[in-house]
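What follows draws every value from the coordinates through simple rules; no lab data is involved. Note that the structure is a prediction, hence the values are computed from the model and not measured. Because the Cβ atoms are built from the backbone with ideal geometry, glycine has one as well, and the counts that use them run over all protein chains shown.
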Amino acid sequence: MSLGGGAVASPRSRAFRMAGLHGYAVEFSPYLPGRLACAASQYYSIAGCGTLVLLEQNDAGVHLLRSFDWNDGLFDVTWSENNEHLLITSSGDGALQIWDTAKPTGPLQVYKEHTQEVYKQGACPFAVPFGWGRGHGG
């Protein structure tokens, strides 16, 4: 089943593909059953941009809710433990991005604290709204 823009979903296998993107991390929402976020990159992150993809899985299959583009590959995604609409991603340009899924554009804020790629981060329940793990080059 084609969804336009190169996005293809297969209801039988519950697979979802976006042309030209390769997924690096997938996180289910702790708030909304069936909602998941995927951090993806072009060209296996060797070159190109990244995309944060929001998907909804139900009995009919997997559907694209929204996507947000970034100027470098995205490697990880984590849901906020304090807000059902906030996500954080890490990227190849050494930045962390905070996204609000309720808004059509983003990110809300960008933290450029690393000199090289940030491959992983994590939410911390004691930080507002996020706490981060140590990335490469930090």
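What the table shows:
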quantity	calculated
Label-point gap, in nm, between ARG66 and GLU84 - each point 7 angstrom along Cα→Cβ	1.4 nm
At R0 = 25 Å, FRET efficiency that the Cβ-Cβ distance of LYS112 and ASP59 yields, to 0.05	0.05
Loop chymotrypsin sites (Phe, Trp or Tyr not before Pro), region 31-97, which have at most 13 other Cβ atoms in a 10 Å radius of their Cβ (DSSP)	TYR31
For region 20-112: rounded, prolate or oblate by the Cα gyration tensor [a/c cutoff 1.5]	oblate
Euclidean distance between Cα centres, region 54-110 to region 15-31, Å	10 Å
Hz values of 3J(HN,Hα) by residue in region 57-62 - Karplus curve (6.51, -1.76, 1.60), Gly and Pro given as x	10, 9, 4, 7, x, 10
Gain upon complete extension [LYS103, VAL26; 0.36 nm per residue less C-alpha separation]	25.7 nm
